[in-house]
Amino acid sequence: MSTIIFINEVDSTNSYATNLIKQYKPVEGTVVITANQTSGKGMMGTRWVFQPQKSFAASWIFYPDFLRINSAFYLYIFSSLAVHDFLSEKMDDGLGELKIKWPNDILINNKKICGILIENTFKSVKIKSSVIGIGINVGYSEKFREFGSLNKEILITNADLKKFAQELDDKLRYYYSLLKNNKTDDLNKMYHQKLKDFNSSIVFSENANGILIHGIQRGVDDSGRLKIQVGENIKYYSTKEIKFL
Ligand code: BTN
């Protein structure tokens with residue numbers, strides 16, 4: 001079981017965890033959770049909104065120094081599989097479809113319920129440390145119902161938050177051990193089984209021009225780029241280079 005650091009209020013659990021690494025390098029698997037995140041960070045410089053007693057925000061510390069920088073996407077793969085597993089156990093049967101949206105959002109019935117922000121440090125060609133920040137919208141209020149609903153184990157008290165972190169921790173540890181044991185092919189396969197729109201038709205635009213393009217999503221390559229078949233050709237996109245419609 002991991003060390004859980006619980007903080008009543010913090011700007012961002014990711015920033016807090018990053019500072020801990022700088023200060024004393026906590027043991028791998030240490031997790032920072034909070035009852036109120038006031039300035040959560042999202043992907044590509046966005047803000048991640050937190051609603052006390054309705055949201056979950058936590059950041060795990062890992063030292064995947066066995067992983068080369070060009071394989072960093074496996075951090076997204078293992079963590080999104082862990083969250084997917086965790087949420088699927090929380091969902092009532094028949095409630096809806098749970099999918100991973102490239103690169104690492106988790107959707108219930110096409111609505112985003114979870115975002116993951118990973119911040120790494122590097123040493124030479126390897127990863128030195130990794131802060132994996134997970135934000136889940138779990139509330140039952142009117143506002144959050146649109147994200148899909150979970151079963152009765154929703155977050156209300158601080159004790160619930162800790163239990164939630166522990167359960168998620170088990171999943172993260174399991175998938176991290178697969179990564180550590182070089183089971184990247186298995187991870188890749190599982191990720192693609194849960195990937196939204198895999199081998200399906202999609203419409204997108206390349207950010208620069210806004211022209212609509214029809215293609216077939218063919219999954220994700222080892223460096224995390226999305227592969228899209230357009231006509232006979234396969235095109236590769238990073239998150240900044242593509243918009244979905
Ligand atoms: C996204 O934009 O989809 C990623 C959102 C990640 C939010 C989580 S909440 C816990 C951790 N702390 C942060 O400041 N951000 C991440």
- Query: In this structure, is N209 farther than 20 Å from E97 by Cβ, over 24 Å from the mean Cα position of the chain (by Cα), surrounded by fewer than 13 Cβ atoms within 10 Å (Cβ to Cβ) and modelled with pLDDT of 95 or more?
  - Reply: no
- Tell me, which residue of region 43-70 that is in a loop (DSSP other than H, G, I, E, B) and modelled with pLDDT of 95 or more is surrounded by the most Cβ atoms within 10 Å (Cβ to Cβ)? P64
- Looking at this structure, is Y74 away from the ligand (no atom under 13 Å from the Cβ) and more than 19 Å from S223 (Cβ to Cβ)? no
- Tell me, which residue of region 96-110 that is within 13 Å of the ligand (Cβ to nearest atom) and outside any loop (DSSP other than H, G, I, E, B) is surrounded by the most Cβ atoms within 10 Å (Cβ to Cβ)? I100
- Query: Here is a list of conditions, (1) of a type in the set (S, T, N, Q); (2) away from the ligand (no atom under 13 Å from the Cβ); (3) surrounded by 12 or more Cβ atoms within 10 Å (Cβ to Cβ); (4) at pLDDT 95 or above, and T34 meets all of them except one; can you say which number that is?
  - Reply: (2)
- Looking at region 82-129, which of the residues that are under 14 Å from the mean Cα position of the chain (by Cα) and among the aromatic types (F, W, Y) is farthest from E241 (Cα to Cα)? F86
- Note on the structure: Only unsatisfied item for I136, checking (1) surrounded by 13 or more Cβ atoms within 10 Å (Cβ to Cβ); (2) modelled with pLDDT of 95 or more; (3) within 30 Å of Q37 (Cα to Cα), is (2)
- Message: Pull out all pairs, ordered by first then second residue, where Cβ-Cβ is under 6 Å, the residues are six or more apart or on different chains, the first lies in region 174-200 and is over 22 Å from D65 (Cβ atoms), and the second is of a type in the set (V, I, T).
- Response: Y191/I77; K194/I100; L195/I100
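The values are calculated or read from the model by the stated rules, or taken from the named source; none is laboratory data. Every value quoted in this text rests on a predicted model; they were computed, and no experiment measured them. Reconstructed Cβ throughout: ideal geometry from the backbone, glycine too, with neighbour counts over all protein chains shown.
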